[in-house]
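Undergrad: The structure is given below, and queries will be raised subsequently.
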Amino acid sequence: MFIKRVCRQLDHFKVRYAVAGGHAVALHGAVRGTVDIDFVLNWTEENLCNAEKALRQLGLVSRLPLTATEVFANREHYIRDRHLIAWNFYNPRQQEEQVDLLISFDLTGQRVEKVKLADCEIPVLGLDELIAMKTASSRPQDLLDIEALEKLRK
């Protein structure tokens, strides 16, 4: 399972992360299909560099010709002027294996829950934090996700 491989690799490189996006919605218990796996990180240069190394060792490549050091140093510019919210990595041999590192969100200080997936515990952005992230985005799919997540609270 791709998500388990990525999480184990990030753990191996001691990356501080949590699953976000559609996979987080599904791991919280709502029905949701998605291809790419979104991750939020504690926003430090070391953590971002370790995440890049982990993903590259899995055979994933950056869709943009950037390094972690460049993304870290130019984060505000990329968000404000290039409207880049995620740094995408993909497997050239299996296009459906995609990871987005969300650069517009810092995991530092956010609540993370551990969700059991087979023989693996996956760190997932907390329910309230995930709803807040999706509320800020307000894309049509995010609004549907919020509705599904709110039902889980009840």
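Undergrad: When only residues in region 113-126 that are in contact with a Leu (Cβ under 9 Å, 6 or more places away or on another chain) and open to solvent by 30 Å² or more (accessible area, probe 1.4 Å) count, which is farthest from ALA20 (Cα to Cα)?
TA: By that ranking, first place goes to LEU117.
Undergrad: Restricting to region 96-112, what's the tally of residues that are open to solvent by less than 70 Å² (accessible area, probe 1.4 Å) and not in a loop (DSSP other than H, G, I, E, B)?
TA: Selection size over region 96-112: 11.
Undergrad: Which one is most open to solvent (accessible area, probe 1.4 Å), of the residues in region 137-153 that are among the polar types (S, T, N, Q) and under 12 Å from GLY21 (Cα atoms)? Break it down into steps so the answer makes sense when it comes.
TA: Keep residues of region 137-153 that are among the polar types (S, T, N, Q), which gives 137-138, 141.
Next cut, under 12 Å from GLY21 (Cα atoms) only: 137, 141.
Numbers: SER137: 54, GLN141: 81 Å².
For region 137-153, the residue satisfying everything is GLN141.
Undergrad: Name the residues in region 11-36 that are among the aliphatic types (A, V, I, L, M) and either touching a Leu at 6+ places or on another chain (Cβ under 8 Å) or within 21 Å of THR135 (Cβ to Cβ) (or both), would you? Don't jump to the end; show me each part of the working.
TA: Taking region 11-36 and keeping what is among the aliphatic types (A, V, I, L, M), we get 15, 18-20, 24-27, 30-31, 35.
Those that are among the aliphatic types (A, V, I, L, M) and either touching a Leu at 6+ places or on another chain (Cβ under 8 Å) or within 21 Å of THR135 (Cβ to Cβ) (or both): VAL15, ALA18, VAL19, ALA20, ALA24, VAL25, ALA26, LEU27, ALA30, VAL31.
Undergrad: Which of the residues spanning region 1-40 are more than 19 Å from GLU97 (Cα to Cα), aliphatic (A, V, I, L, M) and in contact with an Asp or Glu (Cβ under 9 Å, 6 or more places away or on another chain)?
TA: Result: ALA30, single match.
The values are calculated or read from the model by the stated rules, or taken from the named source; none is laboratory data. Fair warning: this is a prediction, and the values are worked out from it, not measured in the lab. Backbone-built Cβ (ideal geometry, glycine too); neighbour counts: all protein chains shown. Heavy atoms of the whole protein, side chains included, go into the accessibility calculation; ligands, DNA and RNA do not. Shrake-Rupley method; radii C 1.70, N 1.55, O 1.52, S 1.80 Å.
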